[in-house]
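Structure, as structure tokens:
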Amino acid sequence: MFVAKGLMIVCDGSNGAGKTTILKAISAHLESKGREVVLTREPGGTPIGEKIRALVLSPETPEMCDMTELMLFSAARAQHLNEKILPALAEGKIVLSDRFSAATVSFQHYARGLSLDAIEQLNSLVLGDFKPTINIILDLDPLVGLKRVHARGEGLDRLEDQDINFLNRAREGYLKQAEQYPESFAVINADQPLPSVIQDTLSVIDALL
Ligand code: T5A
């Protein structure tokens, strides 16, 4: 097991809430302070993880059962942690991840309805006692998020293409986790002009450094 010396910052939340945009701003901010940053994402982040991403998010596999979906997200995470995250942390780098384990609790438990106990057991099998330094949750009405994704001109992935109640339950799942574990979650209102969202997020980051 590597000794983690760096920090792991996760940006998570509603679809289209601005995670990718905000992570780029955090990355530039940290690099301007001389920190070495690894920008990554889930599902994905490694060659194996990116292949799993293509499969699990494909709108062409509507027949995928809920348990297969859960196992694929978890398999991608096991590879991500061991191949990329732990080595980077051991070198003292800051890992910035677009989504991580809180997404499984929100989407596969709160939205899909799989047992929380099963998901926590799987997360602990994959992660052991590892947990991110902070989960920054960009909170946004999923309808607003989907409008942003549409405006970007891209199609919806298999999970975005669920009904709106599914996405609302996932949003509630993030808020419940943040309430339950305030020491490792920070909730940011993502329904503000981008400079304000960036400013609120950087205040959380600076408090960690
Ligand atoms: N999933 C994932 C699970 O079910 N279980 C799991 O365990 C994991 C890890 C992953 C999907 O998989 C699910 C959740 C997801 O459904 P994804 O690519 O992470 O897919 O998901 P998305 O949230 O759909 O990612 P997006 O790239 O679409 O959205 P982002 O990154 O949140 O948003 P971003 O930065 O690309 O911004 C979207 C648009 O909005 C604009 C941006 O310029 C961009 O055009 N924007 C704003 N506009 C106005 N005001 C602001 N404040 C704005 N911020 C950004």
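The values are calculated or read from the model by the stated rules, or taken from the named source; none is laboratory data. Please read all numbers here as calculations on a predicted model, not as lab measurements. Because the Cβ atoms are built from the backbone with ideal geometry, glycine has one as well, and the counts that use them run over all protein chains shown.
Summary table
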item: Flag if residue 164 is in contact (Cβ under 8 Å) with a residue 12 or more places away in the chain, of a type outside the set (S, T, N, Q), exposed (fewer than 14 other Cβ atoms within 10 Å of the Cβ) and out of contact with any strand residue (DSSP E or B) (no Cβ under 7 Å at 6 or more places or on another chain); result: yes
item: Those residues of region 33-48 which are more than 12 Å from the ligand (Cβ to nearest atom) and either in contact with a Pro (Cβ under 7 Å, 6 or more places away or on another chain) or charged (D, E, K, R) (or both), in sequence order; result: 33, 35, 36
item: Filter result (small (Gly, Ala, Ser) and either away from the ligand (no atom under 16 Å from the Cβ) or without any contact (Cβ under 8 Å) to a residue 12 or more places away in the chain (or both)) within region 1-19; result: 4, 6
item: Some residue of region 28-36 being in contact with an Asp or Glu (Cβ under 9 Å, 6 or more places away or on another chain), surrounded by fewer than 21 Cβ atoms within 10 Å (Cβ to Cβ) and among the polar types (S, T, N, Q); result: no
item: Some residue of region 121-128 being closer than 22 Å to residue 78 by Cβ, modelled with pLDDT of 95 or more and assigned to a loop (DSSP other than H, G, I, E, B); result: yes
item: Conditions (1) surrounded by fewer than 15 Cβ atoms within 10 Å (Cβ to Cβ); (2) more than 14 Å from the ligand (Cβ to nearest atom); (3) part of a helix (DSSP H, G or I); (4) not hydroxyl-bearing (Ser, Thr, Tyr): number failed by residue 89; result: (1)
item: Residue match in region 97-105 (condition: crowded, with 22+ Cβ neighbours inside 10 Å, more than 13 Å from the chain's Cα centre (by Cα) and either in a helix (DSSP H, G or I) or touching a residue at least 40 places away in the same chain (Cβ under 8 Å) (or both)); result: no
item: From 100, 166, residue being within 18 Å of residue 50 (Cα to Cα) and either away from the ligand (no atom under 12 Å from the Cβ) or not polar (S, T, N, Q) (or both); result: 100
item: Failed item, numbered, when residue 144 is tested on (1) aliphatic (A, V, I, L, M); (2) surrounded by fewer than 17 Cβ atoms within 10 Å (Cβ to Cβ); (3) in a strand (DSSP E or B); result: (3)
item: First in region 129-145 and touching a residue at least 40 places away in the same chain (Cβ under 8 Å) and aliphatic (A, V, I, L, M), second anywhere and away from the ligand (no atom under 12 Å from the Cβ) and assigned to a loop (DSSP other than H, G, I, E, B), Cβ under 7 Å, 6 or more apart; result: 134/184
item: Residue 177, sole failed condition from (1) in a helix (DSSP H, G or I); (2) exposed (fewer than 12 other Cβ atoms within 10 Å of the Cβ); result: (2)
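To keep it simple, each residue is scored yes or no on (1) outside any helix (DSSP H, G or I); (2) touching a His at 6+ places or on another chain (Cβ under 6 Å); (3) within 9 Å of the ligand (Cβ to nearest atom).
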| position | (1), (2), (3) |
| --- | --- |
| 21 | no, no, yes |
| 25 | no, no, no |
| 50 | no, no, no |
| 60 | yes, no, no |
| 69 | no, no, yes |
| 76 | no, no, yes |
| 107 | no, no, yes |
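This table checks each residue for (1) closer than 28 Å to residue 29 by Cβ; (2) touching a helix residue (DSSP H, G or I) at 6+ places or on another chain (Cβ under 6 Å); (3) not acidic (Asp, Glu).
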residue: 159; (1), (2), (3): no, no, yes
residue: 163; (1), (2), (3): no, no, no
residue: 174; (1), (2), (3): yes, yes, yes
residue: 177; (1), (2), (3): yes, yes, yes
residue: 185; (1), (2), (3): yes, yes, yes
residue: 190; (1), (2), (3): yes, yes, yes
residue: 200; (1), (2), (3): yes, no, no
residue: 203; (1), (2), (3): yes, no, yes
